[in-house]
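Report on the structure given below.
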Amino acid sequence: MGRRYDPDRRQRIIDAAIRLVGAQGIAGLSHRSVAAEADVPLGSTTYHFATLDELLVAALRQAGEGLAVALSDLGDGDLAAALARRLGEFLTADRARAQLEYELYLAALRKPALRPVAAEWRRAVVAALGGRVDAATARAVAAVMDGISLQVLLTEAEYDEPGAHELLSRVLRP
């Protein structure tokens, strides 16, 4: 029996890893658990991702697209209001997804292989603000948004859009 052509296998493995991290945290991730979740042979996971760190890098890269997409096309009006609204949409539309994205993002604290991808995520947020504010202000806005996100996700508090708007307005004041 020949090899079966399966062009989507790598993506299914990444998607399975994201689902597992969402359900069990990073501690629940192994090549074996991902293979079972993706319904692929164990050898497929190690073929595409020699280490779990490689798989986590791919998962973080894919998961990090969520916030970058949320921050695209902010319009020309009140930037603080647009950012507060989009951040609220990111945190409330699918809270489990937001938690997953931050869990992968924060995994870079212990996994150096993830740090360049975490930095890419921050750069994407800064780039989304590119033409509207200077680089230092964009980094400050990204830091405030990270802080708000972590507070909401860690405390299970309701997202306070007016409060976020106020904080972002203060950072964005000329």
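Read-outs throughout are calculated quantities, based only on the coordinates presented, and are distinct from any laboratory measurement. All figures in this text were calculated on a predicted structure; none of them were measured in a lab. Cβ: placed from backbone, ideal geometry, glycine included. Neighbour counts: every protein chain shown.
Quick one: go through the range 61-103 and flag any residue whose amide nitrogen is under 14 Å from the point 7 Å out along the Cα-to-Cβ line of ARG123. Counting backbone N atoms under 14 Å from the label point, the list is 61.
Taking a sphere under 12 Å around the Cβ of GLY22 and counting the other residues whose Cβ falls inside, with K and R at +1 and D and E at -1, yields a net charge of -2.
In the neighborhood of ALA119, defined by Cβ-to-Cβ distances under 12 Å, what is the net charge if each Lys or Arg adds +1 and each Asp or Glu adds -1?
Combined, the nearby Lys, Arg, Asp and Glu give +4.
Of the trypsin sites (Lys or Arg not before Pro) found in the range 1-98, those that fall in a DSSP loop while having at most 10 other beta-carbon atoms within 10 Å are ARG3, ARG4.
To the nearest Å, what is the center-to-center distance of the range 21-37 and the range 113-174, using C-alpha atoms only? That distance is 29 Å. Annotation for THR155 and GLU65: the two label points, set 7 Å from Cα along the Cα-Cβ direction, are 3.3 nm apart.
Mind checking the range 103-155 for trypsin sites (Lys or Arg not before Pro) that DSSP puts in a loop (not H, G, I, E or B) and that have at most 13 other Cβ atoms within 10 Å? Loop-located and lightly packed - ARG110. Report the extension gain between ASP53 and LEU109 in nm, rounded to one decimal, defined as 0.36 nm multiplied by the number of residues separating them, less their alpha carbon distance. Fully extending the segment from ASP53 to LEU109 adds 18.9 nm.
From helices alone, the chain scores -22000 deg cm²/dmol at 222 nm; the rule is -39500 (n - 2.57) for each run of n ≥ 4 DSSP H residues, then divide by the residue total.
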